[in-house]
Amino acid sequence: MIGYAVSFGFAAISIALLMNLWRLAMGPSLLDRVIAGDTMVVNMIALIILYGIQRNTTLYFESALLLAMFSFISTIAYCRFVLRGDIIE
Amino acid sequence: MNSLFEAVVAFHIVVGAFFIFVGSFGLLKLPSFMARLHAPSKSTTLGVGGCLVASMLQLWGETGTISVQEILITSFLFMTAPVTAHFLALAYLHTQRDIDESLPQPCSKSNWSALGDEVAGTLPETVSNAEQPNRF
């Protein structure tokens, strides 16, 4: 039963990633693309977790943790650049 | 693992994936940027939390160990998603030129109500306000 749920999860998160890619391409402003990129990384965290569930291993949690820790820093760097013109003053 | 436990794990996976889908769907279909900020920061974070709870339950059912790595990922996401949403909203507000007409005016002379009447016009200019009159 978990196999079917994980397959559904893969399908749903892949479609979510494609929708984020559409917003990344079509966003009328820069900030739309920034939030699309950040959401893509969060979706990738969920995808890695589901792959770890399917493979029945705990090997892939470190990569999800690293993605979670560093993805928001790039989003904040983009926003700082839009706000101030410089990231670290 | 008995089938009831498998059903609980499968339920969490399905609900988490559905919330992730709803979050990205809202990012695609909502009309303005401020509306589009709501969907990924709330719904996607909740969906990833659901998938992480499913992973914790599955690990507990298979090997009997309780792992805290997933709680670490969830806590990182719960702490950083509001920070990014606030930062993006601030950046969006600073790119709007005619925001003053839609916002109510504060009581002091300047546009920022935290500044009193005597310090209006003394804040430094930012790059995005360089070609605008110094409203602060």
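Among the residues of this structure, B:Leu88 does not count as one that is surrounded by 14 or more Cβ atoms within 10 Å (Cβ to Cβ), in contact with a Lys or Arg (Cβ under 6 Å, 6 or more places away or on another chain) and at the interface with another protein chain (Cβ under 9 Å from one of its Cβ atoms).
Taking each residue of the range B:45-58 that is more than 9 Å from chain A (Cβ to nearest Cβ) and looking for partners that are not in a helix (DSSP H, G or I) with beta-carbon atoms closer than 9 Å, six or more apart or interchain, yields B:Met56/B:Ile66; B:Met56/B:Ser67; B:Met56/B:Val68. Would you check which residues across the range B:7-28 are facing another protein chain (nearest Cβ under 7 Å), surrounded by fewer than 21 Cβ atoms within 10 Å (Cβ to Cβ) and in contact (Cβ under 8 Å) with a residue 12 or more places away in the chain and list them? If the condition is that a residue be facing another protein chain (nearest Cβ under 7 Å), surrounded by fewer than 21 Cβ atoms within 10 Å (Cβ to Cβ) and in contact (Cβ under 8 Å) with a residue 12 or more places away in the chain, then B:Phe18, B:Phe25 are the ones that fit. Set side by side, the residues A:Met26, A:Met1, A:Met19, A:Met40 differ, and just one is within 27 Å of B:Phe5 (Cβ to Cβ), free of Cβ contacts under 8 Å to residues at least 40 places away in the same chain and of a type outside the set (Asp, Glu), which is A:Met1. Scan the range B:59-69 residue by residue and report those that are more than 10 Å from every other protein chain (Cβ to nearest Cβ) and in contact with a Leu (Cβ under 9 Å, 6 or more places away or on another chain). Within the range B:59-69, B:Ile66 is the sole residue that qualifies.
Give the residue that is nearest to B:Pro31 (Cα to Cα), with candidates limited to residues of the range A:27-72 that are over 14 Å from the mean Cα position of the chain (by Cα), more than 9 Å from every other protein chain (Cβ to nearest Cβ) and in a helix (DSSP H, G or I).
Looking only at the range A:27-72, we keep the residues that are over 14 Å from the mean Cα position of the chain (by Cα), and these are A:27-32, A:51-62.
When the remaining residues are screened for being more than 9 Å from every other protein chain (Cβ to nearest Cβ), the result is A:51, A:54-55, A:57, A:59-60.
Still in the running and in a helix (DSSP H, G or I): A:51, A:54-55.
Numbers: A:Tyr51: 33, A:Gln54: 37, A:Arg55: 39 Å.
That would be A:Tyr51.
Within the range A:60-69, one or more residues are surrounded by fewer than 17 Cβ atoms within 10 Å (Cβ to Cβ), out of contact with any Gly (no Cβ under 9 Å at 6 or more places or on another chain) and of a type in the set (Ser, Thr, Tyr). Listed conditions (1) under 27 Å from A:Ile2 (Cβ atoms); (2) surrounded by 19 or more Cβ atoms within 10 Å (Cβ to Cβ) are all met by B:Ser41, apart from (1).
Values quoted throughout were computed directly from the atomic coordinates according to the rules given, and no laboratory measurement underlies them. Since the structure is predicted, the reported quantities are computational estimates derived from the model, not experimental observations. So basically every Cβ, Gly included, is an ideal-geometry build from the backbone, and we count neighbours across all protein chains shown.
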